[in-house]
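Colleague: Here's a structure for you.
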Amino acid sequence: MTVTMNLINLKKKGHKEKTEERVARRVKRERIQNIVLLSLLGITALGMAAAGPNALQLLRHVQKLFGPKQKLNRRLGQSITRLIDKGLVVRRGTGDKMALSLTEKGKRLAELLESEQRARPQKPRRWDKKWRIIIFDVWERRRGIRDKLRLKLEGMGFVKIQDSVWAYPYPCEDFFTFLRADLRLGKGMLYMVVEEIENDRELRKHFDMPLN
């Protein structure tokens, strides 16, 4: 019996680790694609397209986040291909004559991402010793929206403390308002500011907060 339970626990642990790895890869892919879109939006604002042969070098700040140049080029290439497949980016020509530009659909998404960035909270000099809690209740048939919300919260730095309950130490009302409007969740999302979370030692350690 004990051996069976140990095997079950190992399988559960392995499944959880694989899920976390899968989510981490997905978050990274989405971050690269978002950087590409925002970079192209900036170029579009200048009335230009990202033109070869150095089109991808216009996005080189991605390298600081995502590793060596060899992997960077491959990941950027994959990201651009995905964006093209989604109808967000168009590529014209090849080699020295290659140019990348946003479609109207891509421009709308990039502008939405830009709005999201402006809504992202700024870390204050001193913590006010209050926790920001986001709770959501999304129906199973809207699983895609639920997954998108989780990715955005994780990318923002929130920590899940229970299923559908996420915590963050700094004011983020604008970010919450943006998410609720963007994902059309309405009353399905709830924002709270609380002065105490029971047994928050691990949370404080995660955010590098005083433990006393």
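Colleague: Can you name every residue in the stretch 197-209 that is within 16 Å of Gln162 (Cβ to Cβ) and open to solvent by 40 Å² or more (accessible area, probe 1.4 Å)?
Modeller: Applying the first criterion (within 16 Å of Gln162 (Cβ to Cβ)) to the stretch 197-209 yields 197-200, 202-203, 206.
Of everything in the stretch 197-209, those that are within 16 Å of Gln162 (Cβ to Cβ) and open to solvent by 40 Å² or more (accessible area, probe 1.4 Å) turn out to be Glu198, Asn199, Glu202, His206.
Colleague: Output yes when any residue across the stretch 84-92 is in a helix (DSSP H, G or I) and over 19 Å from Arg31 (Cα atoms), and no when none is. First the steps, then the outcome.
Modeller: Of the stretch 84-92, the ones in a helix (DSSP H, G or I) are 84-85.
Pick out the ones that are also over 19 Å from Arg31 (Cα atoms) and you get none.
No; the residues of the stretch 84-92 include none that is in a helix (DSSP H, G or I) and over 19 Å from Arg31 (Cα atoms).
Colleague: Could you say which residue among Lys123, Lys187 is more than 19 Å from the chain's Cα centre (by Cα) and among the basic types (Lys, Arg)?
Modeller: Only one candidate qualifies: Lys187.
Colleague: When only residues in the stretch 86-121 that are out of contact with any helix residue (DSSP H, G or I) (no Cβ under 9 Å at 6 or more places or on another chain) and basic (Lys, Arg) count, which is least open to solvent (accessible area, probe 1.4 Å)?
Modeller: The qualifying residue least open to solvent (accessible area, probe 1.4 Å) is Lys105.
Colleague: Among the residues of the stretch 73-80, are any modelled with pLDDT of 80 or more, surrounded by 12 or more Cβ atoms within 10 Å (Cβ to Cβ), assigned to a helix (DSSP H, G or I) and of a type in the set (A, V, I, L, M)? Let's see the steps before the verdict.
Modeller: Here is the first cut: in the stretch 73-80, the ones modelled with pLDDT of 80 or more are 78-80.
Cutting the leftovers down to surrounded by 12 or more Cβ atoms within 10 Å (Cβ to Cβ) gives us 78-80.
Now drop any that are not assigned to a helix (DSSP H, G or I), which leaves 78-80.
Pick out the ones that are also of a type in the set (A, V, I, L, M) and you get 80.
There is at least one residue in the stretch 73-80 that is modelled with pLDDT of 80 or more, surrounded by 12 or more Cβ atoms within 10 Å (Cβ to Cβ), assigned to a helix (DSSP H, G or I) and of a type in the set (A, V, I, L, M).
Colleague: Report, ordered by the first and then the second residue, all pairs with beta carbons closer than 9 Å, sequence separation of six or more or different chains, a first member in the stretch 73-89 that is at positive phi, and a second member that is part of a loop (DSSP other than H, G, I, E, B) and open to solvent by 10 Å² or more (accessible area, probe 1.4 Å).
Modeller: Gly87/Thr103
Colleague: Name every residue in the stretch 130-161 that is of a type in the set (Lys, Arg), more than 21 Å from Arg204 (Cβ to Cβ) and loosely packed, with under 14 Cβ neighbours inside 10 Å, in order of residue number.
Modeller: Scanning the stretch 130-161 gives Arg141, Arg143.
Colleague: Now a separate question. When you scan the stretch 122-129, do you find a residue that is modelled with pLDDT of 85 or more, open to solvent by 80 Å² or more (accessible area, probe 1.4 Å) and in contact with a helix residue (DSSP H, G or I) (Cβ under 8 Å, 6 or more places away or on another chain), even just one?
Modeller: Checked against the condition, which is being modelled with pLDDT of 85 or more, open to solvent by 80 Å² or more (accessible area, probe 1.4 Å) and in contact with a helix residue (DSSP H, G or I) (Cβ under 8 Å, 6 or more places away or on another chain), the stretch 122-129 yields no hits at all.
Colleague: Within the stretch 162-180, can you find the residues that are open to solvent by 70 Å² or more (accessible area, probe 1.4 Å) and within 18 Å of Pro121 (Cβ to Cβ)?
Modeller: Glu173, Asp174, Thr177, Arg180, listed by residue number.
The values are calculated or read from the model by the stated rules, or taken from the named source; none is laboratory data. Remember, predicted model here, so these are calculated numbers, not experimental data. Because the Cβ atoms are built from the backbone with ideal geometry, glycine has one as well, and the counts that use them run over all protein chains shown. The area values use the complete protein model at the heavy-atom level, side chains included, leaving out ligands, DNA and RNA. Shrake-Rupley method; radii C 1.70, N 1.55, O 1.52, S 1.80 Å.
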